[in-house]
Amino acid sequence: MYSKKEIYQALVKRHSFSTQQLLKKGNVAIAGLGGLGSNVAIMLARVGVGQIHMIDFDVVDITNLNRQQYFLEHIGMNKTDALKQQILKINPYINIITDCVKVTEQNIKQLFYKNDIICEALDAPEEKAMLVNGIREYFPEKKLVASSGLAGYESSNSIKTRRISKNFYLCGDGITKISEKNGLMAARAALCACHEANMIIRLLLGEEEV
């Protein structure tokens, strides 16, 4: 087992001391641990974000394995537990908080009041809208990174990060919907997750997307 100091020094070697200090102070919530959220969580863990709050009510299913950060051994486990297990293998010193609950209009204030940045990674459009509207109403000062349009295998170049308004960022192509012939696939889901994770990292480092 490597020590906390050794892992931190390895990250500093790659990112610089000043950058790593800011990432270490990061406090990010991820709502939804599917094709978007599980990838975002892994990426934030790999760069050493200090606290990750993971929220999902679901369990790992065999149909999740085509795009989500789980393995056959995790089938039947709560996604929060399975992903925490994965992250602790990357960096056992990250502070991971889990809530195995469904995000609702009634619990938004309770779930997210301690977090500085919220990542929306839910599935259904109505759930996405509910969370975005709730965060913007209750916590307008918090940074919110959300997604829209990532199904199928359209051009990678259509996935973009846009600043919608102060403290609100949207990743995806904003158009592509899930259909029978246009399902969720690993590459494009991960591509959009990369946009979300990178925007979160930029915000932790004091950068704003124009």
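The values are calculated or read from the model by the stated rules, or taken from the named source; none is laboratory data. Note that this is a predicted model, so its numbers are computed, not measured. Ideal geometry is used to build each Cβ from the backbone, glycine not excepted, and the neighbour counts take in all protein chains shown. The accessibility values were calculated without ligands, DNA or RNA, using every heavy atom of the protein model including side chains. Shrake-Rupley method; radii C 1.70, N 1.55, O 1.52, S 1.80 Å.
Accessible area per residue for the chain in Å², computed with a 1.4 Å probe and the full protein assembly in place, what is it? All intermediate terms of the calculation are to be shown ahead of the outcome.
Numbers: 10840 Å² over 210 residues.
Counting only protein heavy atoms, the per-residue value for the chain is 52 Å².
Under a 5 Å amide H to amide H cut-off, with H placed in plane at 1.01 Å, what residues pair with residue 30 once short-range neighbours are removed?
Counting only residues 5 or more places away or on other chains, the set is 53, 54, 55, 119.
For region 146-209 and region 19-53, what is the separation of their C-alpha centers, rounded to whole Å?
Centre-to-centre distance over Cα atoms comes out at 16 Å.
Run the accessible area of region 4-204 with a 1.4 Å probe and give the carbon-and-sulfur part as a rounded percent. Intermediate values should be presented prior to the final figure.
Values: 5240 of 9950 Å².
With neighbouring chains kept in place, the figure for region 4-204 is 53 percent.
Treating cross-link reach as a plain straight distance, find the lysines whose alpha-carbon is under 16 Å from the alpha-carbon of residue 4, omitting any fewer than eight places away in the same chain.
Reachable lysines: 13, 24, 25, 89.
If you place +1 on the Cβ of every Lys and Arg, -1 on the Cβ of every Asp and Glu, and leave all else neutral, what size is the dipole of the chain about its Cα centre, to the nearest 20 Debye?
On the way: 26 positive and 22 negative charges, 163 e Å.
My answer is approximately 780 debye.
Counting DSSP beta bridges in the chain, what percent are antiparallel, to the nearest 5?
Values: 6 of 27 bridges.
Here the antiparallel bridges make up roughly 20 percent for the chain.
Find, among the trypsin sites (Lys or Arg not before Pro) in region 54-131, those assigned to loop by DSSP (not H, G, I, E, B) with at most 16 other beta-carbon atoms within 10 angstrom.
102, 114
Which of the three applies to the chain, rounded, prolate or oblate, going by the alpha-carbon gyration tensor with a ≥ b ≥ c and a/c under 1.5 meaning rounded?
On the way: a/c = 1.37, a/b = 1.18, b/c = 1.16.
Rounded, because the longest to shortest axis ratio a/c is under 1.5.
Whole Å is fine, so just give me how far the alpha carbon centre of region 120-136 lies from that of region 64-101.
Taking the Cα centre of region 64-101 as reference, the centre of region 120-136 is 22 Å away.
Please name whichever of 197, 149, 132 sits farthest to the positive end of the charge dipole of the chain, dipole taken about the Cα centre and charges placed at Cβ: Lys and Arg +1, Asp and Glu -1.
197
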